[in-house]
Amino acid sequence: MAVAALDAVDAGAVLAEINEDFLCCAICLERYSDPKILPCQHTFCEKCLVQLAEKGVADTLMCPTCNRSVKVPINDLQSNFFMSSLLDKIPEKLVAGTPKVCEFCEENEVTSICVECQQYSCTSCTRFKPHPGRDSVGMLATNACPQNCSLDNIPKQLIKGDTATFMVTTRDNQGKQVIPRQVVEARVTKPDGSSEDIKVQDNNDGTHTVMVHGEIDGKYKVSVTIDNQPIPGTPAQINVIKGLVKTIGKCGSGKGEYIVPIGVTMDKDSNIVTAERDIDNAQVVISDMNGHVIKRFSENMKHPQRIAVRPADGMVYVSDWDGLVVEKTNKDGHWIRKYTTDGEYIKSFGGFGSKQGQFKGPFCMALDNQGLLFVGDYDNDCIQVYNTDDEYMYSFKCSGKGDGQIYAPRGIAIDNDGYVYVANLHNKLQKFDRSGRFICRIDKNIDGLNITGGVEVTDDVPCRVVVVDCDNHCVKIFAQ
């Protein structure tokens, strides 16, 4: 049960004036009952208008305030919802003035009023005496002191696309956490200069939840006010960042460590799944976005290669080759094997070569949401695209080491909008559309990305890009 403390100065006189000037009908001089608004914008009780119409000329009603004639049937007049709401907000009991004595013990001085049942109480009864039909008194609703309120859990930085949740704690002039009578409001100013109000969720315990979504990179300013007075610590600044935002793992064979991390994907819970190909540390590691290891396993693994699963039917595609350069490779390999979700072999396609539909190192694979298979062809410096019947369609054929060019692709991923992310061998993580048109480069030279491995994207909007950095023994995460 929420209880409001009374102000030092009795507001009864002010409320009585408001009641008389704004909440009383000019006909009956009583508080409005079912207020109806006339076309001339004057408001009266519905019952008063009915009685007035009975005394006047048939089908015509004269407004008692401005004497304009009204021919609209009273039943068709619009209700004054604003006035009805105001009547609810200012109960008649409040207008009568504040009693001096507690309505429970009938002895002590009144200090509070229940905002639910409008009963006046002293300090002792407010704290310890439940109201009739209620189990407990609950927290007080009182005037908060803006200077004693606080904004908590503010992150110093936020990854682009994420949402920050922080708390506003309201306190009275003695520093006690209270449910405020005043309005708590929040507003955010974005890096582009635009600003907007933020929804404030009242938790009914003296705290309010405020959420800020980092939709663009740069500095955000969050202002929180109580009755238009700013609370300490505002405006608070949050730096929304993109680019390299996290590095996971280091060189080693322990938990959360890698020697030759080679492949990466994301599971349905947006956890990072990394494959390591080192002969003495072959394993699959599942970790969350903060790098905490959830699970790792290595049974029957020798040299894990790339794998992709088509969501629509569960078909499994495995790149099958020895991983050696052209001069040393087994030219009888370089196939894509296709299996059912139960592991039943269906067929193979590809084979060693430079013709359409052949590979010189099918190093990486990804499937888009249309079921198309994209294969990174390592020594042919291209991305080959296959339809749902595993037939060759076209290639991203733009060999080279510059921006927008493909050189020894080692990782590939596709987001929900069909954009294709390709990691070249050295220091290049690039974005293309489904047809192969270059969009942009994701990393920068200063990020130190070197000898890339697998690539994966999150389901965020905009998505984050996760890439294995083999030479630096880690996984790097980029925000766009």
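Table for the structure above
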quantity	calculated
Single match in Asp267, Asp288 (criterion: open to solvent by 30 Å² or more (accessible area, probe 1.4 Å), closer than 30 Å to Ile477 by Cβ and at pLDDT 75 or above)	Asp288
All positions within the range 166-185 that are open to solvent by 70 Å² or more (accessible area, probe 1.4 Å) and out of contact with any Lys or Arg (no Cβ under 8 Å at 6 or more places or on another chain)	Asn173, Gln174, Lys176, Arg181, Val183, Glu185
Selected residue [in a strand (DSSP E or B), of a type outside the set (S, T, N, Q) and in contact with a Pro (Cβ under 9 Å, 6 or more places away or on another chain)] from Val475, Val466	Val475
Residue match in the range 242-254 (condition: farther than 25 Å from Ile477 by Cβ, in contact (Cβ under 8 Å) with a residue 24 or more places away in the chain and either exposed (fewer than 15 other Cβ atoms within 10 Å of the Cβ) or touching a strand residue (DSSP E or B) at 6+ places or on another chain (Cβ under 9 Å) (or both))	no
Unmet requirement for Val375, which otherwise passes all of (1) open to solvent by 20 Å² or more (accessible area, probe 1.4 Å); (2) among the β-branched types (Val, Ile, Thr); (3) within 20 Å of Ile262 (Cα to Cα)	(1)
Residue ID - modelled with the highest pLDDT, chosen from residues in the range 103-117 that are of a type in the set (A, V, I, L, M) and touching a Phe, Trp or Tyr at 6+ places or on another chain (Cβ under 6 Å)	Val110
Meets criteria (more than 26 Å from the chain's Cα centre (by Cα) and surrounded by fewer than 20 Cβ atoms within 10 Å (Cβ to Cβ)) for Asn445	yes
Identity of the residue in the range 323-364, open to solvent by less than 20 Å² (accessible area, probe 1.4 Å) and hydrophobic (A, V, I, L, M, F, W, C), that ends up nearest to Gly418 (Cα to Cα)	Cys364
Which numbered condition Ser85 fails, given (1) modelled with pLDDT under 75; (2) among the small types (Gly, Ala, Ser); (3) surrounded by fewer than 13 Cβ atoms within 10 Å (Cβ to Cβ); (4) not in a loop (DSSP other than H, G, I, E, B)	(1)
Pairs, first on the phi > 0 side of the Ramachandran plot in the range 383-403, second modelled with pLDDT of 90 or more and hydroxyl-bearing (Ser, Thr, Tyr), C-beta under 9 Å, six or more apart	Gly400/Tyr407
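The values are calculated or read from the model by the stated rules, or taken from the named source; none is laboratory data. Since the model is a prediction, treat every value here as computed from it, not as a measurement. We place every Cβ from the backbone using ideal geometry, glycine too, and count neighbours over all the protein chains shown. Surface areas here come from the heavy atoms of the whole protein model, side chains and all, with no ligands, DNA or RNA. Shrake-Rupley method; radii C 1.70, N 1.55, O 1.52, S 1.80 Å.
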